[in-house]
Amino acid sequence: MNLHEKKVLVVGAGRSGLAAVKRLKALGARIVLTDQKELAQLSGISELGLPDGQLVLGHIPQWHEVASEVIVLSPGVSPKLPFIQEGIAQGALIWSEVELALRDHPAFKIGVTGTNGKTTTTTLIGELAKRTGRPTLVAGNIGVALSDQVEDLDGEGIIVAELSSFQLEWVDSLRMNVGILLNVTPDHLDRHGTLDNYLAAKARIFEKQSPSDCAILNWDDARVRALAPHLKARVVFFSPTSLLAEGYGVRGDEVVLAEGGKITPIIARGELQLRGSHNLENIMAAIAAVRELGLSWEEITQGLRDFKGVEHRQEVVGTYEGILFINDSKGTNPDASEKALYAFEEPIVLIAGGKNKGLDFHDFMKTIKKQVKSLVLVGTAAAEMEQAAKDTGIQNYLRAGTFAEAVELAIAEAEPGDVVLLSPACTSWDMFKSYEERGEFFKELVRRHYREPI
């Protein structure tokens with residue numbers, strides 16, 4: 001679709017919306033940008049060069065104020081807003097920023113989605129893909145908007161995109177050469193309503209694939225595995241727990257590929273720097289993806305040995321007075337935090353809480369009862385989590401009024417040989433702008449505590 005001179009509405013003036021505007025300007029579209037925040041509350045608007053008539057700020061508009069042929073929706077904006085619903089009823093197309101960035105783009109596109117592990121997998125694929133020598137862009141939900149990054153890439157380029165359910169919900173013609181679905185557990189039900197709706201949004205990553213493309217699926221996740229017969233692409237399975245007849249799996253302590261009756265050893269688990277059995281999902285998916293780029297086993301194995309992980313995902317802050325501090329601020333749902341809890345054999349003091357996403361905490365508390373020595377609760381979800389803890393029979397828990405107090409309580413509970421783990425099982429939006437900001441503050445508080453006299 002040629003957007004030259006077409007009127008396009010961008011909803012949301014955050015990172016994704018600003019990137020969309022830049023892309024649309026390059027494509028010659030007539031742009032309207034709207035955000036319910038006032039201009040003084042926003043940054044980066046003046047650099048866009050949009051005249052006042054193309055800015056509708058400070059309120060939720062009526063459709064007649066912003067009527068356009070295409071609506072580009074930022075991930076955090078609800079499509080249920082009345083003016084968006086009216087636009088859809090009037091025949092406007094609705095796209096995510098990812099659709100705008102990647103539709104018809106000639107680069108080789110690898111898309112990664114799933115409830116947990118997306119950022120680690122995307123980052124690892126990007127690091128391995130760079131070993132091809134081809135220009136490689138790692139972007140998307142990982143924190144870098146795609147639209148203002150893709151202009152300089154041509155058919156020789158590789159795009160590795162982390163894709164959320166919000167971004168995939170509104171794709172139209174987006175085709176991924178390699179699509180990966182790592183896992184699906186309850187998340188964002190406040191947006192999608194049901195787990196089936198959430199899965200359907202994730203599965204759109206495969207929608208426009210052809211038989212020449214590759215779909216990488218987690219065999220161990222029954223919901224994910226069940227998608228295979230319905231996909232047009234060639235399916236590659238991985239299993240972090242078993243040896244498959246065909247696909248990536250484990251044999252003893254080795255990650256292997258079973259293919260055509262032959263088993264190829266790839267790497268021993270002891271050679272990996274990533275901790276926790278759940279990271280095998282991420283590693284296997286990444287291997288499967290970069291094999292599509294033609295990397296040799298030697299290049300892949302060395303890349304896996306070198307990879308240390310990503311910030312805010314089981315990130316080692318340091319060991320102070322015999323206590324290991326781990327920043328897992330990216331654990332924003334119970335399933336992600338459960339995986340972090342199982343990654344450690346040491347006694348754990350867990351800091352949890354934040355803003356809930358419509359999820360139940362009772363199963364999470366059952367894991368906490370088995371794996372956690374002391375629990376510190378904080379944030380708007382603390383009362384709900386406390387009730388779930390009581391219902392589960394957990395007795396050793398504490399409530400903190402502020403995040404800084406939560407860190408101090410956790411330090412006071414910990415003894416040499418323990419792990420203090422920040423893995424909140426909630427979003428950060430009640431106290432912070434992002435999980436990154438929460439994780440950085442955690443690291444600062446820990447280092448400040450041990451630098452200054454108590």
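Here are the numbers:
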item: Subset of region 85-102 (residues that are assigned to a helix (DSSP H, G or I), under 20 Å from residue 165 (Cβ atoms) and in contact (Cβ under 8 Å) with a residue 24 or more places away in the chain); result: 97, 98, 99, 100, 101, 102
item: Close pairs (7 angstrom Cβ cut-off, 6 or more residues apart or separate chains): touching a residue at least 24 places away in the same chain (Cβ under 8 Å) and closer than 26 Å to residue 276 by Cβ in region 226-241, assigned to a loop (DSSP other than H, G, I, E, B) and of a type in the set (S, T, N, Q) anywhere; result: 240/277
item: Any chance residue 97 is surrounded by 22 or more Cβ atoms within 10 Å (Cβ to Cβ) and in contact with a helix residue (DSSP H, G or I) (Cβ under 7 Å, 6 or more places away or on another chain); result: yes
item: First in region 428-440 and assigned by TED's automatic domain parsing to the domain that holds residue 332 and at pLDDT 95 or above, second anywhere and part of a helix (DSSP H, G or I) and surrounded by fewer than 16 Cβ atoms within 10 Å (Cβ to Cβ), Cβ under 8 Å, 6 or more apart; result: 428/437
item: Some residue of region 373-394 being charged (D, E, K, R) and not in a helix (DSSP H, G or I); result: yes
item: Any hit, region 322-333, residues being among the aromatic types (Phe, Trp, Tyr) and surrounded by fewer than 22 Cβ atoms within 10 Å (Cβ to Cβ); result: no
item: Only listed residue being over 24 Å from residue 116 (Cβ atoms) and loosely packed, with under 14 Cβ neighbours inside 10 Å, chosen from 234, 251; result: 251
item: Residues that are crowded, with 24+ Cβ neighbours inside 10 Å, in a helix (DSSP H, G or I) and either touching a helix residue (DSSP H, G or I) at 6+ places or on another chain (Cβ under 7 Å) or not assigned by TED's automatic domain parsing to the domain that holds residue 145 (or both), drawn from region 103-129; result: 120, 121, 124, 125, 128, 129
item: Hey, residue 364 in contact with a strand residue (DSSP E or B) (Cβ under 9 Å, 6 or more places away or on another chain) and either closer than 19 Å to residue 415 by Cα or polar (S, T, N, Q) (or both) or not; result: no
item: Residue in region 141-151 that is at pLDDT 90 or above and either assigned by TED's automatic domain parsing to the domain that holds residue 436 or under 23 Å from residue 291 (Cβ atoms) (or both) present; result: no
item: Some residue of region 308-315 being over 21 Å from residue 218 (Cβ atoms) and in a strand (DSSP E or B); result: yes
item: Among (1) polar (S, T, N, Q); (2) within 19 Å of the chain's Cα centre (by Cα); (3) at pLDDT 95 or above, the one test that residue 277 misses; result: (3)
item: Exclusive hit being crowded, with 19+ Cβ neighbours inside 10 Å and either outside any strand (DSSP E or B) or over 25 Å from the mean Cα position of the chain (by Cα) (or both), set 350, 359; result: 359
item: Elements of type helices (runs of 4 or more DSSP H) contained in region 186-267, each with 1 or more residues being more than 19 Å from residue 287 (Cα to Cα) and of a type in the set (Asp, Glu); result: 189-192, 195-203
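The values are calculated or read from the model by the stated rules, or taken from the named source; none is laboratory data. Given the structure is predicted, the values throughout are model-derived calculations rather than measurements. Reconstructed Cβ throughout: ideal geometry from the backbone, glycine too, with neighbour counts over all protein chains shown.
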